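Below is one structure, written out as structure tokens, with a few remarks after it.
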Amino acid sequence: MSKIILLRHGEVAIENYKNISAKEFGKWIVAYNNADIKSEFSSKEEINNLLNKTDILICSNLKRSIRSIEIFNKTPFKTSAIFNEAELPFSNWNLLKLNPTIWLVFFRILWLFGYSQNCESYKQTKQRAKIATQKLIELSKQNKTILLIGHGIMNKLIQKELILKNWHETKKSKNTNWDYGVFELET
């Protein structure tokens, strides 16, 4: 039996931002992508046990994914940009200032409807998720248990692809930080 585990990275430790413009939101995205994660969380022992039972650890190239493995002192692990989170669009608007969380939701919804200024489109991201899924499946042919420390949207897109390829979801993820889904395939 092959097993693929999709774990969402730890909570990002980013400073509280005041209201910002849509143009400044682009800088916020960079700050978010370069921020560390909070190293203390309630399921730390459970995640450590999960990592110990894994044949191969994989993460995206984004800092929050890499740091989520490093806090457990687990090496070696593989990184690949193919597993990076779906990018967020942003605009050059300066008229309105909102909390970054509001901008995040606003631009993510626009992105789902095709708006992709300054980022990869939803269609391109779905195609990347198909390639990422195939990469995981190929790795599962040489490793019994694979664990990907990924991201909310990308993990969801990979999950859909695994199910389409007849992998069975044996543990459903709530898509929160440090939560994970498990997918199995009879070999």
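Read-outs throughout are calculated quantities, based only on the coordinates presented, and are distinct from any laboratory measurement. These figures come from a predicted structure and were not determined experimentally. A quick note on method: Cβ atoms are made from the backbone with ideal geometry, for glycine too, and the neighbour counts reach across all protein chains shown.
Answer yes or no: is there a residue in region 13-33 that is within 24 Å of Leu136 (Cβ to Cβ), surrounded by fewer than 16 Cβ atoms within 10 Å (Cβ to Cβ) and of a type in the set (Lys, Arg).
The answer is no; no qualifying residue exists.
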Residue count, region 59-104, condition of a type in the set (Ser, Thr, Tyr) and surrounded by 20 or more Cβ atoms within 10 Å (Cβ to Cβ), comes to 3
Go through (1) part of a helix (DSSP H, G or I); (2) among the charged types (D, E, K, R); (3) touching a strand residue (DSSP E or B) at 6+ places or on another chain (Cβ under 8 Å) one by one and return the number of the condition Glu46 breaks.
-> (3)
Which numbered condition Asn118 fails, given (1) surrounded by fewer than 21 Cβ atoms within 10 Å (Cβ to Cβ); (2) over 22 Å from Glu24 (Cα atoms); (3) polar (S, T, N, Q) | (2)
Pairs under 7 Å by beta carbon, first residue closer than 25 Å to Asn16 by Cα in region 31-54, partner assigned to a helix (DSSP H, G or I) and of a type in the set (Ser, Thr, Tyr), six or more apart or different chains?
-> Ile37/Ser68
